[in-house]
Structures are given as C-alpha cells and as structure tokens.
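This report concerns only the one structure given below.
What follows is calculated from the coordinates using simple rules that are stated; it is not laboratory data. Not measured: the values here are computed from a predicted model. Methodologically, a virtual Cβ is constructed for each residue, glycine included, from the backbone with ideal geometry; neighbour enumeration extends over all protein chains shown.
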Amino acid sequence: MARRINVKLILELRAQGMSMNEISQTRRISKHSVSRTCKAAHEKGVSFSEIQDMAENTLYHLLFSEKHAYKNAFATIDMEYVHKELGKISVILKLLHGTLNTSMNADIRKRFL
C-alpha cells in the first residue's frame, strides 16, 4: 500500500524557503509528490500560515479532494419497468435479469470507459 504524502511538512518546508528539490532529497519524498502538493496548494490558494493548525487528514482532503470523490459502480434499476415486465405473461425472472443485465452493462461501460 502506498504511503500518504505528508503535505503539511512539504508546505511548511516550502514556507521556510526550501526548494522542491531540497525537500525531495532531504525528506526522501519523490519530486513528483512535492511538485504535485505545491501545485495543489497554489491552485487552492492555501499557504502554510493558514493551515498550520489544521489536521493532516483534513489538509490532505482539502488539497486532493478529487481522490476521494465517490463514484457509484452500480446502475440504478428502473423498478417500474421491472414490475411492468414481470406482470406480462411468459416473462420469467431469469429472462428479465438477462435483459436488464445487458442494458446495465452498456450503461456502466458508458459511464466508466
């Protein structure tokens, strides 16, 4: 499992005047992680003086909120359609499930691919 970046430390060292390369070398954090953290803080308009009392988790969620966005992996079922189809003669649950599964898979492919 990947370790979470210590964003507070990176921003503190940047506020003290250290370059991104120095932070990367002295703290053994990848240059990409340091750069991405500084860029996210700049885009959000966050400086160390504003966040020094903030908890690490809260700060991480503030800077990298897109990593925590929720995507629903399940398609919504149209229950009205299901009940209407089950009311028809010669419709069995297995046949209806196959039809719904095919249409939902197409919907999921559109959303996630």
#### Entry: Reachable aspartates and glutamates from residue 88, criterion Cα separation under 17 angstrom, eight or more residues apart if same chain
78, 80
### Query
Which whole-Hz ³J(HN,Hα) couplings does segment 33-41 yield from phi under the Karplus relation 6.51 cos²θ - 1.76 cosθ + 1.60, θ = phi - 60°, glycine and proline marked x?
5, 5, 4, 5, 5, 5, 5, 4, 5
### Query
How much length is gained if the chain between residue 75 and residue 52 is pulled fully straight, taking 0.36 nm per residue apart and subtracting their Cα-Cα distance, in nm to one decimal?
4.1 nm
#### Entry: Two-site label geometry, residue 99 and residue 19: point separation in nm, points 7 Å out along Cα→Cβ
6.8 nm
### Message
Take residue 65 and residue 43, extend 7 Å from each Cα along the Cα→Cβ direction, and tell me the distance between the two endpoints in nm.
### Response
1.2 nm
### Query
Which of 27, 14 comes first, and how do the rest follow, when ranked by fewest Cβ neighbours within 10 Å?
27, 14
